[in-house]
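Reading through the structure tokens given below for one structure.
The values are calculated or read from the model by the stated rules, or taken from the named source; none is laboratory data. On a predicted model such as this, the values are computed, not experimentally measured, just so you know. Cβ placement follows ideal geometry from the backbone for every residue including glycine, while neighbour counts extend to all protein chains displayed. Surface accessibility is based on the protein's heavy atoms, side chains included, excluding ligands, DNA and RNA. Shrake-Rupley method; radii C 1.70, N 1.55, O 1.52, S 1.80 Å.
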Amino acid sequence: MAKVGVLIEIENGEVKETEFSVLTAACGDGGNEVFAIVTPENTDAAASVLAEYGANKIVHVVSQGGDIKVSPDLEARVLAEAVKKFELDMLLGLASAKGRDLFARMAAFMDVPLVSDCTGIDLDTKTVRKSHFSGKTVATLKLESELFLCTIRPNAIEARKTPVQTQTVIFEALAADPGLTKIIDVKESAGGNVDLTEASIIITGGRPIDSSENYKMLDECAAQLGESTAVGASRAAVDAGFAPHSMQVGQTGKTVSPKLYIGCGLSGSVQHFAGMKTSKVIVAINTDKDAPIFAKCDYGIIADMFDVVPMLTQVLKEQGE
Amino acid sequence: MQIYVCVKHVPDTAANIKITGNDSFDDTTCKFVINPYDEYGLEEAVQLVEKQGQGEVVAVTVGKEAAMASIRSAMALGAHRGILVKTDSQFLSSTLTARALKAAIEQDGAPDIIFTGKGSVDTEGFQTQYRLAAAMDMAVVNEVVDLKIDNGQAIVEKEIGSGSREVLKMKLPCVIGATKGLNIPRYPKFPDIMKAKKKPVKETDIASLGLESLPDRVELLNLEAMPERSDAKMLEGDVKETVTELIRILKEDQKVL
Ligand SMILES: Cc1cc2nc3c(=O)[nH]c(=O)nc-3n(C[C@H](O)[C@H](O)[C@H](O)COP(=O)(O)OP(=O)(O)OC[C@H]3O[C@@H](n4cnc5c(N)ncnc54)[C@H](O)[C@@H]3O)c2cc1C
């Protein structure tokens, strides 16, 4: 039996949905003791949903040494202290913007191994699977260490409910802030859109979108596809100035793994696929029947996206009414 | 300003990776390049020195003998000198790489800034810069898309989620992991490529750095090609019918809608 910690990210007062698959990974085949580690205040709301996904203990970490919201180094030290205190064998988290940074900080501070962005994990054998070479290969790695850290690619593991009795404990961490980095401001984006890396559905427009205004067509479709839908762009579209870099999917953009990826006007470049290959279902809409993307998608539509996308929006709307 | 830029010699992202045996690949047939993210760090370093009219940019790599090519590319893009720490593995642990980088940099000079890329596209580990910073007792921020140097401090921005940005402050010297958005890396010009051939490169063997031996805590058991999709189902005909069929499939067969 292993003691497995999961760092829980809470957003707008709720546990991020993508955390459920991390909890599922922590439960493994059963028999593990799962610790959900939460740092923000409102843990009451989180307790019932964490219990549903198998958290035996909820550890509410309170920092006595300063404000963890402005010091990522302090936050890493505080979490490291919790890991030691509860004698965890491993700590799992999301490979989200926050998780990527925090886990690497912790790994460096604690001098323990970290595997980033895992797409599979087997706790019994201490093996994980992850992409190497921009999604061209899959590596299986074995962790030979008493304690290790892993971040998991959002949506890569299917979430499964395993309800348990849970108990909340408060842990007061004493770690001091090393005073190295300080968050002095957060510039919120105007859109307030769903984060690409954690969206469960993504609709992407490539170069032929031809203008930033035309992304509205995709926004409208996204609104019909469901709440957790984000709009993406290819590098060609970003470089042409049609979309901001924060929307870019691919090797130099975001790595995503939604359950549904709809590519509109994408040729299917290796570098774009490096960022979305592990999506569950890939749909391609392209006017060219010989476009490479048709050789690597699940469903293909040979047609103009300016015809297909508005129709998709319309039919979804009709069906929703 | 004394700036070190850590660059990694990696297979080109478009290269075909031919797997050999269980856990290695044929590195003799695929094209190698500077890790694309490192180019943003390099460009930023070169621009900082150009703006100040003084200072030095040193490209450092830990890699096989062949990694000299990436040092030369870095020098063609503006680095003044290079340091090559030689090892015989492409898959060195991030901890060992960080220690080797630290030793090589400290032997060479006193950095004001160390740039890296946000991660390397071969092993996708995303942590060497953090381990380097911890070993050197420096501040680190990764995935940086904006940098200002002001009064011995670095003010950086990084993206967090859907386009929002966090602004962080840290004292120099520090480690900065660069990514797309920070700048637009230049293309090397022919005369610069020729000049780069004459720029000095220090070569050391990793064994001569006197690093503590380190057990391998992460073992590569297996490397295999990522399964590719094939036999896509093509939907044809009237747009409305096609779209209706697609929605049915996504809802009923795939259960993703
Ligand atoms: C180091 C490096 C890193 C890179 N990183 C990335 C990355 O992170 N992300 C990324 O996306 N790319 C990346 N690229 C670029 C990549 O190689 C491609 O150039 C890019 O992805 C192509 O974008 P695209 O598919 O939108 O455009 P194109 O390749 O131009 O394809 C457009 C496609 O749309 C079809 N089409 C045209 N009109 C219509 C229409 N009206 N309706 C439907 N289909 C239509 C065409 O038939 C064509 O197949 C990178 C390249 C390099 C070298």
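Things worth noting here:
- Mean projected area (nm²) of the alpha-carbon convex hull when the stretch A:3-173 is viewed from all directions: 9.2 nm²
- Long-range tail of P(r) for the stretch A:196-320 (Cα pairs > 26 Å, %): 8 percent
- P(r) tail for the stretch A:259-321: Cα pairs beyond 16 Å make up 46% of the total.
- For the peptide B:211-220, the mean number of other protein chain Cβ atoms found within 10 angstrom of a residue's Cβ is 4.
- Computed accessible area, residue B:143, all protein chains, 1.4 angstrom probe, square angstrom: 30 Å²
- Working from the Cα coordinates of the stretch A:133-237, the gyration tensor eigenvalues give, after taking √(5λ), semi-axes of 35, 22, 20 Å in decreasing order.
- Positive dipole terminus of the protein assembly as shown, leading residue within A:271, A:37, A:99 (C-beta point charges): A:271
- For chain A, the Kirkwood radius over C-alpha pairs fed into Stokes-Einstein at 10 °C and 1.306 mPa s yields D = 76 µm² per second.
- Summed buried accessible area for B+A [probe radius 1.4 Å, Å², rounded to 100]: 7200 Å²
- DSSP-defined antiparallel bridges as percent of all bridges, chain A, nearest 5: 20 percent
- Considering only B:168, B:214, B:77, the Gaussian network model of chain B with Cα springs below 10 Å gives its largest mean-square fluctuation to B:214.
- Choice from B:208, B:230, B:164 showing the highest fluctuation, given a GNM over chain B with Cα pairs closer than 10 Å: B:230
- Per residue, the accessible area of the stretch A:193-321 comes to 37 Å², computed with a 1.4 Å probe over protein heavy atoms only.
- When chain A is treated as a GNM with alpha-carbon contacts under 10 Å, the residue of A:37, A:201, A:184 showing the greatest mean-square fluctuation is A:184.
- Rounded to the nearest 10 square angstrom, residue B:234 shows an accessible area of 60 square angstrom against a 1.4 Å probe.
- Here the relative contact order of chain B, from alpha carbon pairs under 8 Å that lie six or more residues apart, stands at 23 percent.
- Charge dipole of chain B about the Cα centre (unit charges at C-beta), most positive-ward option of B:256, B:76, B:10: B:76
- Convex hull (Cα only) mean projected area of the stretch A:71-112, reported in nm² to one decimal: 2.7 nm²
- For the stretch A:3-173, the carbon plus sulfur part of the accessible surface works out to 46%, probe radius 1.4 Å.
- For the protein assembly as shown, share of DSSP beta bridges that run antiparallel, in % to the nearest 5: 35 percent
- Selected from A:109, A:20, A:51, residue furthest toward positive end of dipole (the stretch A:1-158; charges at beta carbon): A:109
- Once the partner protein chains are put back, the stretch A:129-154 shows a loss of at least 50 square angstrom of accessible area, versus the chain by itself, at A:132, A:133, A:136, A:137, A:138, A:140, A:142, A:144 (probe 1.4 Å, ligands and nucleic acids excluded).
- Highest mean packing comes first when the peptides B:78-87, A:285-294 are listed by Cβ atoms within 10 Å, giving B:78-87, A:285-294.
- Within 10 Å of the Cβ of each residue in B:91-97, the mean number of Cβ atoms contributed by other protein chains is 2.
- Short-range pairs are left out: with C-alpha atoms under 8 Å and at least six residues apart, the relative contact order of the stretch A:3-173 is 31 percent.
- Each Lys and Arg contributes +1 and each Asp and Glu -1, all at the Cβ; summed about the Cα centre of chain B, the dipole is approximately 820 debye.
- Taken over chain B, the alpha-carbon convex hull comes to 194 cubic angstrom per residue.
- Mean separation of Cα contacts under 8 Å (6+ apart) over length of chain A, as relative contact order %: 15 percent
- Averaging the Cα positions of each part gives two centres, and for the stretch A:296-321 and the stretch B:195-257 these lie 27 Å apart.
- Alpha-carbon centroids, the stretch B:16-43 and the stretch A:106-178: separation in whole Å: 26 Å
- Shielding by partners, peptide A:108-114 (average Cβ within 10 angstrom, other chains): 6
- Each Lys and Arg contributes +1 and each Asp and Glu -1, all at the Cβ; summed about the Cα centre of chain A, the dipole is approximately 860 debye.
- Charge dipole (Cα centre; +1 on Lys/Arg Cβ, -1 on Asp/Glu Cβ; no other charges) of the protein assembly as shown amounts to roughly 1380 debye.
- For the protein assembly as shown, fraction of C-alpha pairs farther apart than 44 Å, in %: 16 percent
- Formal net charge of residues neighbouring residue A:143 (Cβ-Cβ distance under 11 Å; K, R +1; D, E -1): -3
- With 10 Å bins from 0: P(r) over the stretch B:1-117, alpha-carbon pairs, percent: 14, 45, 30, 10, 2, 0
- Other residues lying with their Cβ under 12 Å from the Cβ of residue A:266 contribute a combined charge of +2, Lys and Arg counting +1, Asp and Glu -1.
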